[in-house]
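Quick notes on the structure that follows.
A short reminder: the numbers here are calculations on the coordinates, not readings from a lab. Remember, predicted model here, so these are calculated numbers, not experimental data. Every residue, glycine among them, receives a Cβ derived from its backbone with ideal geometry; neighbour counts consider all protein chains shown.
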């Protein structure tokens, strides 16, 4: 294990649990990222949402850009992209893609909880997709990310984000088992937040993801100063809006895409 990935917990960046840190420091995850998620239909749908709402080219900041799959499409349309990620390996791939197509994308390595490097009202658009917000541990840290997103947006700018639904676990056998274990774990460790999941992913034993309730996310967005323009509950395979969202949609939705101003 490298020195970077073996840092003691107290040396990890704010809001970054061990699993998320190992994820960002892994070169093989960055190299295999595009192939690993090639069949993920959410990528197609959220890019459709961006195309619909981001009509006029401007500066778009991608918080947790990964390998830049959302920014590449926007840059091809004339947007100036700013890829922000804690993983230098992901950012190198973004830079290579931008170089090959001569696209206007700048990379910034930063912790999303600590974005003072980005100026106030410097972006026309901000995106935080593929449940990137859920990779940050601690309610206060996630709120800080939303406050940064609000701060760097210009007046009239748009913020688009995606998260997973805590209650969707009721509709999956493994999810129901996790819910039972989660309740028991919460009773044993009162400092753990509802919705915090730890799982094995791509060689990482304790990958972290926070799943949200609808009320939790709406409240966090409002507290950060956002007004929700469009709220999109996602169907099971995350490739289109949930049908009949009025019928227990807060439980049935796989997750949500929120378009905010």
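From the alpha carbon centroid of the stretch 18-62 to that of the stretch 223-248 is 19 Å. Size descriptors for the chain (Cα atoms only): Rg and Dmax, in that order, 17.8, 54 Å. Multiplying the residue separation of residue 184 and residue 206 by 0.36 nm and subtracting their alpha-carbon distance yields 6.1 nm. Take every DSSP beta bridge whose two residues both sit in the chain; close to 45 percent of them are antiparallel. Each of 12, 63, 209 has some number of other Cβ atoms within 10 Å of its Cβ, and from fewest to most they run 12, 209, 63.
Footprinting exposure proxy ranking of 26, 65, 122, fewest other C-beta atoms within 10 angstrom first, gives 122, 26, 65.
Quote the FRET efficiency, to the nearest 0.05, computed for residue 100 versus residue 239 with a Förster distance R0 of 25 Å and r equal to the Cβ-Cβ distance. Provide the component values of the computation, followed by the final result.
Details: r = 28 Å, r/R0 = 1.13.
Efficiency, rounded to the nearest 0.05: 0.35.
Over the chain, dividing the summed -39,500 (n - 2.57) contributions of all DSSP H runs of at least 4 residues by the number of residues returns a 222 nm mean residue ellipticity of -11000 deg cm²/dmol.
In terms of surrounding Cβ atoms within a 10 Å radius of their Cβ, 163, 113 rank from fewest to most as 113, 163.
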